[in-house]
Amino acid sequence: PHRTYTYLAPHPKIIITMAAIAAIIEELLPGLDEDIAEYVTSILSDDGALDSDSIDDTTDAVSGLLAEYCEENDDEDPSAKAAALVARISEDARGGGENDEKAVMEEDAPVVKRIGGMSLAAQLSANDDADDIVYADGRERSTVNAIIDRDGNANAKGKGKKGGGGKGRSKPTASEIATAQIDEIEAELREARVAAVRARAKLGAYRGSLDAKQFTLPNPGGGAPLLEDAACRLVWGKRYGLIGRNGMGKSTMLRAFAARRVGDVPPNVSVHYVSQEVNLTEDQRAKTPVECVVDADVERAMLKGELAELEARAADGSLDAAGSGRHEEVLARLDEIGGESAPRRADALLANLGFSEELRARPLSQLSGGWRVRTMLAAAIFAKPDLLLLDEPTNHLSILAVMWLARELSTSETWKERIVVVVSHDRHFMDEVCTDCLHISGAAKRLTQSRGNYTVWHKRRKDQQALFAKEQKARQDEIDRLREYAGHGFKYGGSASQINKMGMKAKQADKLEEAHAEHAEELAALQEDVELPIRIAAGGELDGYVVQLKNVGFGYPNGTPKRLFRNCEFGITSKSRIVLLGENGNGKTTLVKLIMGELEPCEGEVKRSPHARYALVNQHHADQIDLSLTPLEFLLAKFPGDGSYEHMQKLRGHLSSCGVTSGSNSSNKNASVKDLQNTPASALSGGQRSRVALAAVSYAQPHVLVLDEPTNNLDLESVATLAESVRTFKGAVICVSHDQFFVQTVANEAWVVNGGKVKRVESFEAYRGKQLKLLKKSE
């Protein structure tokens, strides 16, 4: 028989297919509205819906959807109609009806199973490719992400099939897998948003909680699941921060929510997901940011399309009375949702996110990746979805844009009536936006939900760590005391009572050790949030200026404006801790390149000390790593040295000082330390690769450290550790960063690049206060 691989599926059992359910509904309820029929199908195909302990609830749920149908058809009571439908489907599922050939074993044909939630868009699709994976929402999808089958073999769509001619094809790279997953989810989301508009028109808005009960989150790269027996409840009006260490599954969790593979997300709930990377469709590439943002209002687009059809019919005289009535309804609804003002509102939204008038007029094909991500972020906010999922939304924003976004999500009435889930490394942003936290523990494979923002969670976590460490020490001290007595009790006397007492002490120690072992998992889960070190090696402080800019001006050939800035003049010493501020595109990165000597000024002079070594950590530093090499191999390739064992150990020690662990020499025997040094870079998380890149940059012991968005890809704890490491760096530091916590920790000087000038401001706090006033004034 043809084998199907089931995502998060229970053990094989006989159930009825969606096709069989749809056929029975069509037979017993002729003329039932298509959307309602699809929703009824999703309820009846739910795993366990026909079990004896839940069949009454299933019947009640179906009955509520049949009231309008029974009223229109002068039919019997909807409860009776629902009971008859459920009874018929139950009979066929057990092989007692004429459709019993459609009740099949999982090994024989693709069987639809619903674990937690089914997307309406997925229900509209047929399951016709038995080689594809059957996911929890009942839709078959590509196995390009190398799902592992029951025999432990990796399967990728179009690869390894008998007779498929796939011999010799290479496996997809991690980047290709991630891109394919995002493309697939985006396609599903586009379909689901259209379906949600239609479902909402039939079923009304949904305002209940979204529950995810007892789900497992698989590892997209294979291996052990990221989460087991996890559960959470998302409540209307709450904004959740999804937190956890790098590589623990935060982005995977967001994608699972977006694809409705986790949680019971009704079809009339609209979902919008903004990933860290954007892959545009051909249609989107040709459009301007304003057009893309306006398109995000799916209901408006559908109404506009319908209006055009109705007006075309009116023009050729084929519009009847019903059509005229519908024409008025469409116009009224467009007016209600502000259809005509959409372009103006989209333009203002993009301006708030830092788009200049010139950028707003460009097609997306001519924008950088960062501006494309901003466009998709603006589109998500403009769409006002019921469930908004944001994966590192601040990565490509300026500080001003981050402040605007935080204020929008935390104070706007719109988001007080919706659900937001966000992953971000920006502590200020998380504290201002989030009302609750969802924490992923990689060690315990557990998802924990708690009230309060990140700072509240962090303090609670620190208290838990301290209390647990105290309890563990007390328990270990007692075990040691008991063992000491049990092993040397004869020195207290050799009587029978003393010997019996020795045995009792040994048993007490055994019981305490059992309790100690039971707490090992909890200890590991708590310790995974204790930050690994990041030590940036420095060349030491030099006397005088290490860099001087004298009356510097610069502009790119044929660029607009002709000069990004003029008359720039300041000096950098080994004591300098400078942050460069300003909107993206004003010239901050250009100024960094001038300081590094990568560009020559159009006017003026940049003097660099010949005695200083310079190092640049830019926002794409992790992308420069050869993914086929391990971190140790990567450093050996860059710094081969004399090939000796001593040189190898020096590189190992340097990697460990940057938190790239060797898997040995753990200070705590209960801590689980991974051997990251010998793990291929392709298997490391973005934050772990950032640590490797920092190790490579600092091995040369620079005197001047230039950081261009260094916190991208790091988790919250890693950002705090990096900030402390940079603060204590023995040399000059120049940084460009949107992370307010990082900037406040590191900088002692702030320079703003804006309006063709580079000017020093009193402090970062003064700059931030001024920007907040501007935001409040613009509301």
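The values are calculated or read from the model by the stated rules, or taken from the named source; none is laboratory data. Note that the structure is predicted; figures quoted are calculated from it, not measured. Neighbour counts run over all protein chains shown; Cβ positions are idealised from the backbone, glycine included. Side chains included, ligands, DNA and RNA excluded: accessible areas come from the protein's heavy atoms. Shrake-Rupley method; radii C 1.70, N 1.55, O 1.52, S 1.80 Å.
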Carbon and sulfur %, accessible surface of the stretch 667-757 computed with the full protein complex present, 1.4 Å = 45
Phi-based couplings in Hz for the stretch 362-378 (Karplus 6.51, -1.76, 1.60; Gly and Pro marked x) = 7, x, 4, 4, 9, 9, 6, x, x, 6, 5, 4, 4, 4, 5, 5, 4
Name the long-range amide H neighbours of Val546: under 5 Å, sequence gap of 5 or more, or other chain; modelled H, no Pro or chain starts.
-> Ile572, Thr573, Ser574
Hey, can you find the accessible area per residue of the stretch 683-728 for me, probe 1.4 Å, expressed in square angstrom?
-> 21
Would you work out what percent of the accessible area of the stretch 211-326, with all protein chains in place, is carbon or sulfur (probe 1.4 Å)?
-> 46
Just add up the charged neighbours of Val617: K/R +1, D/E -1, any other residue whose Cβ is under 10 Å from the Cβ of Val617.
-> -2
Once label points are set 7 Å from the Cα along Cα→Cβ at both Ser209 and Gln366, what is their separation, rounded to one decimal in nm?
-> 5.1
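Using the structure shown, select from Lys575/Lys607; Lys287/Lys773; Lys304/Lys776; Lys550/Lys776; Lys445/Lys507 the pairs with a Cα to Cα distance greater than 26 angstrom. Don't jump to the answer; show the numbers that get you there.
On the way: Lys575/Lys607 17 Å; Lys287/Lys773 34 Å; Lys304/Lys776 34 Å; Lys550/Lys776 37 Å; Lys445/Lys507 32 Å.
Correct reply: Lys287/Lys773; Lys304/Lys776; Lys550/Lys776; Lys445/Lys507.
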Row for the stretch 590-648, column shape: gyration tensor on C-alpha, a ≥ b ≥ c, rounded if a/c < 1.5 i.e. under 1.5, prolate if a/b over b/c, else oblate; value oblate
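Write down the accessible area per residue of the stretch 564-632 in Å², having rolled a 1.4 Å probe over the full set of protein chains.
Numbers: 3130 Å² over 69 residues.
Here the per-residue accessible area is 45 Å².
Can you sort Lys505, Lys459, Lys773, Lys607 by 1.4 Å-probe accessible area, starting with the largest?
Numbers: Lys505 40, Lys459 130, Lys773 150, Lys607 90 Å².
Reading off the accessible areas and sorting them downward yields Lys773, Lys459, Lys607, Lys505.
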Part-to-part distance (alpha-carbon centres) for the stretch 324-343 and the stretch 405-475, which is given in Å | 41
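Using the Cβ atoms and a cut-off under 14 Å, what net charge is assigned to the surroundings of Gln677, where Lys and Arg are +1 and Asp and Glu are -1? Show your work: numbers first, answer last.
Details: positive: Lys650, Arg652, Lys674, Arg689, Arg691; negative: Glu633, Asp675.
Surrounding charge for Gln677 is +3.
Rolling a 1.4 angstrom probe over the protein heavy atoms, how many square angstrom per residue are accessible across the stretch 310-385?
Working: 3750 Å² over 76 residues.
For the stretch 310-385, the solvent-accessible area averages 49 Å² per residue.
What does the charge add up to near Ser318, with Lys and Arg as +1, Asp and Glu as -1, over the other residues with Cβ less than 14 Å from its Cβ? Working shown, then result.
Details: positive: Arg313, Arg326; negative: Glu309, Glu311, Asp316, Asp320.
Local net charge: -2.
How would Met403, Met248, Met648 line up by accessible area, probe 1.4 Å, largest first?
On the way: Met403 5, Met248 25, Met648 60 Å².
Listed by decreasing accessible area, they come as Met648, Met248, Met403.
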Theoretical FRET efficiency, 1/(1+(r/R0)^6), r = Cβ-Cβ of Arg333 and Thr216, R0 41 Å, to 0.05 | 0.45
Judged on accessible area alone, 1.4 Å probe, highest first, Leu627, Leu707 line up as Leu627, Leu707
